[in-house]
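Here's the structure, in structure tokens; my notes come after.
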Amino acid sequence: MNLFVIDIGGSTIKYAEWNGETLEGKRSLPTPKTWEGMKQQFVSELKKSTWKFSGVAISSPGSVDTKTGIIYGLSAIEYIHRFEIRKELEALFGLRVSIQNDANCAALAEVWKGNAAEVSNSAFLIIGSGVGGAIVLDKKLFPGPHLFGGEFGFMILNEKQQTLSELASPVTLARNYSLEKGTGESYDAVHLFDAVQEDLAQKYVNQFYRALAIGAFNVLVSIDVERLLIGGGISRRPGVIERLRKEVKELLNTKKAQDLTAEIMTCKYFNEANLIGAVYQFMLESTK
């Protein structure tokens, strides 16, 4: 089965071809400002391939209803929401189209070929500009009746009603660090974590670990999965998973929940996760 694969992001769109075994021809382009512009880019990229495709597999932000083919919720791309987007894309491509939420796609990639393949029940925290997530029970995604299953980024963590996404997003923390530092420069998350010996940077890095540990603790005591996987660029940083494990264990011991022994580990796939998961979503829909 050859598939044209698309990963829609707020700033870039990734493209690839699935040859039945692996991804080929990976590339990315800036996300267009309009729906018409996005459709034109889709068609242009599809025409660059000489392959005969069986369909189009798409990873997208937002609360994706895979049954109706409508994207609900909110995202950085306002124009893709609340209309029959799958139906319009199938007419555009002349091919079957599947669409799944990006965090769910990352989870599906791990369930299919990654670090969740060996367990039945798992949960995911995907860390980036916010915190996405997913729940997998009996190796199947659990989106919930309102498509909020696994939306851990909405979890409120303190009396100020700040959420996990607000408190543990490296992008947000780097922006706040830049403002408080007051040099006029815009520092990124890499700089923030590299500068951890500096008191101000350490304050924000400690906030990241504390918020993520509390979020992970809440996930584990709520769902009691076998494995909690952490994704996103920050998860590749040496020492991140080890410190998170330590802080979660301390919370579990403090709250007398030490019998929870779920594994906390990084995802296997990073930049390709959404693309691979989109392929698996298409395959799952093809078997129904």
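Name the pairs: first residue in the range 103-117 and free of Cβ contacts under 8 Å to residues at least 12 places away in the same chain, second residue part of a helix (DSSP H, G or I), Cβ to Cβ under 9 Å, at least 6 apart or on different chains?
Matching pairs, first to second residue: Ala117/Glu110; Ala117/Val111.
Quick check: is even one residue across the range 175-184 open to solvent by less than 40 Å² (accessible area, probe 1.4 Å), under 24 Å from Glu272 (Cα atoms) and among the hydroxyl-bearing types (Ser, Thr, Tyr)?
no
Out of the residues in the range 224-237 meeting the condition of being crowded, with 19+ Cβ neighbours inside 10 Å and at negative phi, tell me which one is nearest to the chain's Cα centre (by Cα).
Per the criteria, the residue is Gly231.
Inspect all residues belonging to the range 238-245 and state whether any of them is within 18 Å of the chain's Cα centre (by Cα), under 25 Å from Ser120 (Cβ atoms) and surrounded by 14 or more Cβ atoms within 10 Å (Cβ to Cβ). Give the derivation first.
Looking only at the range 238-245, we keep the residues that are within 18 Å of the chain's Cα centre (by Cα), and these are 240-241.
Then drop every residue that is not under 25 Å from Ser120 (Cβ atoms), which leaves 241.
Next cut, surrounded by 14 or more Cβ atoms within 10 Å (Cβ to Cβ) only: 241.
Looking for residues that are within 18 Å of the chain's Cα centre (by Cα), under 25 Å from Ser120 (Cβ atoms) and surrounded by 14 or more Cβ atoms within 10 Å (Cβ to Cβ), one finds at least one in the range 238-245, hence yes.
Identify, from the list Ala123, Ala134, Ala107, the residue that is farther than 26 Å from Gly20 by Cβ, open to solvent by less than 40 Å² (accessible area, probe 1.4 Å), modelled with pLDDT of 95 or more and of a type outside the set (Ser, Thr, Tyr).
After ruling out the rest, the residue left standing is Ala123.
If I go through the range 228-265 residue by residue, how many of them are touching a strand residue (DSSP E or B) at 6+ places or on another chain (Cβ under 7 Å) and among the small types (Gly, Ala, Ser)?
The qualifying residues number 4.
Please find, among Phe148, Phe208, the residue that is among the aromatic types (Phe, Trp, Tyr), at pLDDT below 95 and either out of contact with any strand residue (DSSP E or B) (no Cβ under 6 Å at 6 or more places or on another chain) or surrounded by 14 or more Cβ atoms within 10 Å (Cβ to Cβ) (or both).
Sole residue among the options that is among the aromatic types (Phe, Trp, Tyr), at pLDDT below 95 and either out of contact with any strand residue (DSSP E or B) (no Cβ under 6 Å at 6 or more places or on another chain) or surrounded by 14 or more Cβ atoms within 10 Å (Cβ to Cβ) (or both): Phe148.
Please find, within the range 14-44, the residue that is surrounded by the most Cβ atoms within 10 Å (Cβ to Cβ) out of those that are in a helix (DSSP H, G or I), in contact (Cβ under 8 Å) with a residue 40 or more places away in the chain and not aliphatic (A, V, I, L, M).
Filtering first and then ranking leaves Phe42.
Within the set of pairs 6+ apart or on separate chains, which have a first residue in the range 175-195 that is of a type in the set (Lys, Arg), a second that is assigned to a helix (DSSP H, G or I) and buried (at least 16 other Cβ atoms within 10 Å of the Cβ), and C-beta atoms under 6 Å apart?
none
The values are calculated or read from the model by the stated rules, or taken from the named source; none is laboratory data. Small disclaimer: the values here were computed from a predicted structure and weren't measured. Every residue, glycine as well, gets a Cβ built from its backbone with ideal geometry; the counts of neighbours run over all protein chains shown. SASA here: full protein model, heavy atoms, side chains in, ligands and nucleic acids out. Shrake-Rupley method; radii C 1.70, N 1.55, O 1.52, S 1.80 Å.
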